[in-house]
1. Among 225-238, 143-156, 168-181, how do they line up by average Cβ neighbours within 10 Å per residue, starting with the highest?
2. Using 0.36 nm per residue of separation minus the Cα-Cα distance, give me the extension gain between Glu202 and Asn266 in nm, one decimal.
3. Got a sec to turn the phi values of region 144-150 into Karplus ³J(HN,Hα) couplings, 6.51 cos²θ - 1.76 cosθ + 1.60 with θ = phi - 60°, whole Hz, x for Gly and Pro?
4. Please compute the length gained on full extension between Leu86 and Asp232, using 0.36 nm multiplied by the number of residues separating them and subtracting their Cα-Cα distance.
5. Taking the simple approach of a point 7 Å from Cα along Cα-to-Cβ for both Glu302 and Leu118, what is their distance in nm?
6. Under a Cβ-Cβ cut-off of 11 Å, what is the net charge of the residues other than Val193 that fall near it, where Lys and Arg count +1 and Asp and Glu count -1?
7. Just the Kirkwood number for region 18-260, please: inverse of mean 1/r across all distinct Cα pairs, in Å, one decimal.
8. With each pseudo-label sitting 7 Å past Cα toward Cβ, what's the Gln241-Arg71 distance in nm, one decimal?
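Read the figures in this text as sums done on the coordinates, not as results from a lab. None of these values were measured; they are calculated from a predicted model. FYI the Cβ positions are ideal-geometry reconstructions off the backbone, even for glycines, and counts take in every protein chain you see.
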Amino acid sequence: MDQAEKLRKMVSESEVKPSARVITVTSGKGGVGKSSLSLNLAICLSRLGKQVVLLDADFGLANIEVMLGIRPTANLADLMFRGKNLSDIITDGPENVKFISGGSGIQELAQMNKEQVLYLTKKLAELDRIADVIIIDTGAGISDSVLEFVASGNEVLLLATPEPTSITDAYALLKALNRKSEFSKRDTTIKFVANRVKNEDEGLVLYENMKNVVGKFLNISLDFVGSIPQDDNISKAVMKQKPITISSPQSPAAKAIAVLAEKLNNDGQAPTENEEKGIALLFSNLIRTKFRKKKKEERDREKANASKGQ
């Protein structure tokens, strides 16, 4: 029995029954408004009565912390390796939104032993039970950590702007994702958001162009969930370290994000008894991916050393 199979057995034995809806927010490049969308979407969903937890997985940048002007005392790595409880790493944000800083925890997943994996799975199962929605703000680009997060989830928000570099980088992300063996087209819904557009028509054109190219060359389906207009109030809100949905709730961008939240809320369905969802499942998928990658690297090294010895 390899490590991946052991992990499946451990997750099953821990009787994890995930329930939270996990939305992974990503983009092909930085600077397109991904973290701002993640934060303001969390606020709008909270206003709709959902208990929302925001996981800042943009490692090294801590964008959510900067936008809120709040510095957490502990992060996900502290939960995984330093004996912290879930309550220790959850920080209170605005309007009942909670957030968790990722720290460097994801890069260290493959180094976890059996006891640490089981501990993390149980702790994340607690998070599944207290949250209705968990929003993951990934890093930008096509690094392994970003692609592994996107491939491990089942609901993805892909953000792009009309800038040519944003469009080509969003396509590059989907192309790289399509090459991942753990990515399932059948089990993953990718929802497209057009950001910083002049109007709804420009957003629809951006979506149609992306959908046609992605469908033709990658055979991946995209769903359109809305557009967010170009709005100077967003940059002002970032400078004030106050989300636009709070600082300028009647601004065009804030209203558009509220509409997007309502659409996502209406689209969201509670998981059925046999449906696998939740942050615990996502992380078990991540750990399996890390274990497989580590095993492959070990086999490659063994082959290389054997070749040198001949």
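1. Numbers: 225-238: 18.7, 143-156: 21.3, 168-181: 17.0.
Taking the mean over residues of other Cβ atoms within 10 Å, the ranking is 143-156, 225-238, 168-181.
2. Length gained between Glu202 and Asn266: 20.6 nm.
3. Karplus-based 3J(HN,Hα) across region 144-150 equals 4, 5, 5, 4, 5, 4, 5 Hz.
4. 48.9 nm
5. Distance between the two pseudo-spin positions: 2.6 nm.
6. Details: positive: Lys34, Lys191, Arg196, Lys263; negative: Asp223.
Here the count lands on +3.
7. Details: mean 1/r = 0.0547 Å⁻¹.
Computed over region 18-260, the radius equals 18.3 Å.
8. With each label placed 7 Å out from Cα toward Cβ, I get 1.0 nm.
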